[in-house]
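Beneath this line is the structure, given in structure tokens, with notes to follow.
The values are calculated or read from the model by the stated rules, or taken from the named source; none is laboratory data. None of these values were measured; they are calculated from a predicted model. Neighbour counts are summed over all protein chains in view; Cβ atoms, including those assigned to glycine, are modelled from backbone coordinates with ideal geometry.
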Ligand code: SAH
Ligand code: TYD
Ligand code: ZN
């Protein structure tokens with residue numbers, strides 16, 4: 001039996017993706033050291049409905065000096081976080097001498113705008129390489145895992161925070177009870193905790209099963225987030241759906257009674273109830289849809305290989321580790337993966353060992369088909385790669401189902 005990491009209730013396993021590697025552990029060719037694998041499966045807590053992984057990967061294996069994900073690789077995301085920073089500067093951070101803490105600041109994609117305005121801030125991120133990039137942009141960063149002790153230290157050194165913000169990070173943290181105890185110590189009485197992560201509602205609706213991997217420990221809903229906040233004397237006061245990364249929700253949490261609850265919260269809770277999002281049957285049906293995608297994708301790629309077509313992939317995303325390993329996509333079906341991240345280039349994808357090459361390799365010799373692993377950046381990438389399409393190239397997508405465009 002697996003215990004819910006939030007409430008201690010029983011977690012019922014619902015979808016099994018089998019043996020998976022660390023999603024961001026791109027391997028050096030000819031590395032003979034043993035690769036780490038774990039069993040990726042997701043379940044729902046019978047009592048608080050929190051969707052979570054059945055097995056935890058130790059955090060130091062995922063987030064360290066060489067963590068290769070750089071948030072600023074996407075123009076759309078740079079814009080998104082610049083607007084986010086401006087929004088905070090005009091609202092919660094417009095009083096005298098405000099202070100904002102970001103959990104998982106990565107390469108400074110959001111805080112650079114805050115730093116440029118001379119506003120007091122602190123990023124916290126355990127991945128030293130990306131933190132160093134942020135420092136180069138004038139961002140204050142503490143290389144550490146944010147948890148209760150870190151929060152208490154920050155409060156003692158800098159005083160209370162008006163805003164604690166996190167994007168695509170809170171879902172990475174199994175020990176959220178520690179985070180909430182830390183927030184209680186760090187936040188101003190009237191402060192807010194704002195975080196945005198992939199939304200289970202979108203994942204189920206689009207069958208975007210590749211949002212499930214080692215780093216994404218939780219798949220949130222308004223219902224599960226509200227229950228979690230309430231356990232710690234906080235309340236979910238606002239929700240906002242975001243189009244980024246295939247569909248996310250931005251949750252605003254405040255001390256209970258300190259702020260009115262926006263009508264958007266009840267509206268999303270009602271929608272979730274109507275869709276049965278917290279129910280096992282919904283995730284079981286999702287699992288069936290995922291299995292169909294595997295069948296269809298393997299059939300398509302095998303047929304293209306039989307026809308002698310060249311197929312490459314685009315975007316060495318962490319998400320694609322789940323797709324590639326679950327579907328068994330190796331270099332026999334996918335020639336290489338094109339990716340702009342220098343730290344990933346020249347390496348092999350985790351588990352499936354497909355070579356990662358720079359975008360020049362894609363541009364120099366266009367393949368017949370490109371499997372869009374970075375489907376969440378489809379608009380940006382398809383616009384950038386118009387010549388591929390014009391030359392007769394075709395994109396293969398597997399979300400919400402397998403199709404060629
Ligand atoms: N906010 C960025 C980065 C997301 S990647 C964006 O939205 O693009 C997740 C980041 O969380 C990584 O940089 C990782 O190092 C960091 N992280 C993981 N666990 C953390 C923790 N306990 N405290 C702070 N950062 C953490
Ligand atoms: P992303 O989907 O943002 O996240 P995750 O790794 O968490 O699944 O990753 C996008 C990857 O795609 C990243 O390695 C950079 C790469 N990429 C390109 O190669 N070209 C592009 O134009 C964009 C937007 C991303
Ligand atoms: Zn629970």
Within segment 278-324, restricting to residues that are under 20 Å from residue 357 (Cβ atoms) and part of a helix (DSSP H, G or I), the one that is farthest from ligand 2 (Cβ to nearest atom) is 305
With respect to residue 52, is the statement that it is assigned to a strand (DSSP E or B), within 16 Å of ligand 1 (Cβ to nearest atom) and within 24 Å of residue 203 (Cα to Cα) true?
yes
Are any of the residues in segment 73-89 more than 13 Å from ligand 1 (Cβ to nearest atom) and buried (at least 16 other Cβ atoms within 10 Å of the Cβ)?
yes
Out of the residues in segment 1-47 that are in a loop (DSSP other than H, G, I, E, B) and within 16 Å of ligand 2 (Cβ to nearest atom), which is nearest to residue 210 (Cα to Cα)?
23
Filtered residues of segment 1-34 (kept if surrounded by 13 or more Cβ atoms within 10 Å (Cβ to Cβ) and away from ligand 3 (no atom under 16 Å from the Cβ)):
15, 16, 17, 20, 21, 22, 23, 24, 25, 26, 27
Quickly run through segment 48-60 and pick out the residues that are within 16 Å of ligand 2 (Cβ to nearest atom) and either under 17 Å from residue 12 (Cβ atoms) or over 16 Å from the mean Cα position of the chain (by Cα) (or both).
53
What's the total number of residues in segment 352-374 that are closer than 19 Å to residue 209 by Cα and buried (at least 24 other Cβ atoms within 10 Å of the Cβ)?
2
Of the conditions (1) part of a strand (DSSP E or B); (2) over 17 Å from residue 50 (Cα atoms); (3) more than 16 Å from ligand 2 (Cβ to nearest atom), residue 205 satisfies every one except a single condition; which number is it?
(1)
Matching residues in segment 125-173 (in contact (Cβ under 8 Å) with a residue 24 or more places away in the chain, farther than 30 Å from residue 200 by Cα and not in a helix (DSSP H, G or I)) number 7
Restricting attention to segment 334-351, which residues are free of Cβ contacts under 8 Å to residues at least 60 places away in the same chain and surrounded by fewer than 15 Cβ atoms within 10 Å (Cβ to Cβ)?
342
Residue 196 being outside any helix (DSSP H, G or I), away from ligand 3 (no atom under 16 Å from the Cβ), in contact with a helix residue (DSSP H, G or I) (Cβ under 7 Å, 6 or more places away or on another chain) and under 26 Å from residue 80 (Cβ atoms):
no
Can you pull out every residue in segment 299-333 that is surrounded by fewer than 14 Cβ atoms within 10 Å (Cβ to Cβ) and in contact (Cβ under 8 Å) with a residue 60 or more places away in the chain?
309
Looking at segment 203-211, is at least one residue touching a strand residue (DSSP E or B) at 6+ places or on another chain (Cβ under 7 Å), in contact (Cβ under 8 Å) with a residue 24 or more places away in the chain and closer than 19 Å to residue 22 by Cα?
yes
Among the residues of segment 228-245, are any assigned to a loop (DSSP other than H, G, I, E, B), surrounded by 22 or more Cβ atoms within 10 Å (Cβ to Cβ) and modelled with pLDDT of 95 or more?
no
Within segment 106-160, how many residues turn out to be closer than 22 Å to residue 171 by Cα, surrounded by fewer than 17 Cβ atoms within 10 Å (Cβ to Cβ) and touching a strand residue (DSSP E or B) at 6+ places or on another chain (Cβ under 7 Å)?
1
Within segment 76-124, residues being free of Cβ contacts under 8 Å to residues at least 40 places away in the same chain, in contact with a helix residue (DSSP H, G or I) (Cβ under 8 Å, 6 or more places away or on another chain) and either under 25 Å from residue 377 (Cα atoms) or outside any loop (DSSP other than H, G, I, E, B) (or both) number 19
